[in-house]
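One structure below.
Rule-based calculations on the coordinates, nothing more; no lab input. Just so we're clear, the structure is a prediction, and the values are computed from it rather than from any experiment. With ideal geometry, Cβ positions are generated from the backbone for all residues, glycine too; neighbour counts draw on all protein chains shown.
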Amino acid sequence: MPYDEELADRIRALLDEHDPVEKKMFGGVGFMVGGKMAIAASSRGGALVRVDPSESDHLCELEGVERMEMRGRPMDGWLHVAPGRLDSDRDMQEWIDRGIAAAAAAS
C-alpha cells in the first residue's frame, strides 16, 4: 500500500521552517531534520514518529498509537500513529514536535 500523499503534504507544510530532507523508505516517505529521521508518512497509513524511548510506554496507552515493529521486533523510540490521531493540524504538530525533539536528542 502506498503512503498517504495528503498526509505527507501536511507534514511538509508543518515542517517547512525546519528545512526537512525527504527520503523514500519502506514504501513511505521519511522527513529528516538536522540529519536525523523525525517522522514519516507510513505505507500502513498514519505516521511513524520518532519519540524519546522513555515516553514510548506512556504514549502507547493512547488509542491509535503502537510501537513500530520491523520484522516482528519492536523498534525502540519509534511509534506508529494511526490516521485518526492526526486529523487536526494541532494534533499533527504535536507529533511532529515530538519527532523533532527526539531527532535532536539522538546521538
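For the chain, modelled as a GNM with alpha-carbon contacts under 10 angstrom, which of Leu48, Leu62, Leu86 fluctuates the most?
Sorting by GNM fluctuation, first place goes to Leu62.
Taking N as the number of residues in the stretch 5-105, what is its alpha-carbon radius of gyration divided by 2.2 N^0.38 Å?
Against the empirical 2.2 N^0.38 Å value, I get 0.96 for the stretch 5-105.
Residue separation times 0.36 nm, minus the C-alpha to C-alpha distance between Ala104 and Arg90: what's the value?
2.9 nm
Starting from the Cα of Met75, step 7 Å along the direction of its Cβ; do the same at Asp97; then give the gap between the two resulting points in nm.
Computed distance between label sites Met75 and Asp97 equals 2.4 nm.
Can you grab the distance from the C-alpha centre of the stretch 1-38 to the C-alpha centre of the stretch 41-107, Å, no decimals?
Centre-to-centre distance over Cα atoms comes out at 13 Å.
What range in the chain is the longest one free of GluC sites (Glu not before Pro) that are in a loop by DSSP and have at most 12 other Cβ atoms within 10 angstrom?
Of all site-free stretches, the longest is 1-60.
Taking just the alpha carbons, could you work out the radius of gyration and Dmax for the stretch 56-107, both in angstroms?
For the stretch 56-107, the Cα-based Rg and Dmax read 11.5, 32 Å.
Taking 37 °C and 0.692 mPa s as the conditions, I'd like the Stokes-Einstein D for the stretch 1-41 in µm²/s, using the Kirkwood hydrodynamic radius from alpha carbon pairs.
For these conditions, the coefficient is 325 µm²/s.
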